[in-house]
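Data first, discussion second: the structure below is written as structure tokens.
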Amino acid sequence: MNALEVARKMETDAIKFYTEAAAKTTYEAGKKMFLSITEDEKRHLAMISDLIKGMNIKIDDVSPMKRVQTVFESMKDEMMKKVAASKDELDAFKIAMEMEKEGGALYRRSLAEAKTEKEKDLFKRLIEEEKQHYDIFANTYSHLSDTGNWFLWEERGVIEG
């Protein structure tokens, strides 16, 4: 199996996992985040599939971080409430972080072995987006597991006493 076929399998697995995670997540912002990243993974899969078929690919200039920030911004008041995430939800975010880390590593190896400029451009874009996905999941995990400190660090709050 070549790098593009491995990438296609990985994106297919990610779509399935994130769709299932969204269905199981009770935290509304987390559910929307999983669904947003599922759409990114579907786009990745389409780009990879087009390249495998020898078609011209169009690498969209999409920022997963900006899209998820829009979701979170629209739910800011809801997010500031203390959320009791289940162990399963926290585990889903940990698994998602690991998947994105592994995806980035695969795409870095694939970039080093890429033979065409189209492949190189695709893998560079995928590396960037997987990093953004990882950061999104890590930040959400931090928020759900320790809301008080997340707010302090992310909002650069100052404790006055």
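The values are calculated or read from the model by the stated rules, or taken from the named source; none is laboratory data. Quantities reported herein were computed from a predicted structural model and do not represent experimental measurements. Backbone-built Cβ (ideal geometry, glycine too); neighbour counts: all protein chains shown.
So which of GLU113, GLU129, GLU98, GLU117 ends up being under 15 Å from the mean Cα position of the chain (by Cα), exposed (fewer than 13 other Cβ atoms within 10 Å of the Cβ) and modelled with pLDDT of 55 or more?
GLU98
Could you please tell me which pairs satisfy a Cβ distance under 7 Å, a separation of 6+ or placement on different chains, a first residue in segment 108-131 that is within 18 Å of GLY54 (Cα to Cα), and a second residue that is among the basic types (Lys, Arg)?
Final answer for the pair search is LEU111/LYS120; LEU111/LYS124; ALA114/LYS120.
Across segment 132-143, what is the number of residues that are surrounded by fewer than 21 Cβ atoms within 10 Å (Cβ to Cβ), touching a residue at least 60 places away in the same chain (Cβ under 8 Å) and of a type in the set (A, V, I, L, M)?
Residues in segment 132-143 being surrounded by fewer than 21 Cβ atoms within 10 Å (Cβ to Cβ), touching a residue at least 60 places away in the same chain (Cβ under 8 Å) and of a type in the set (A, V, I, L, M): 0 in total.
Please determine whether any residue of segment 75-92 is under 20 Å from ALA21 (Cα atoms), surrounded by 19 or more Cβ atoms within 10 Å (Cβ to Cβ) and at pLDDT 75 or above.
Yes: one or more hits.
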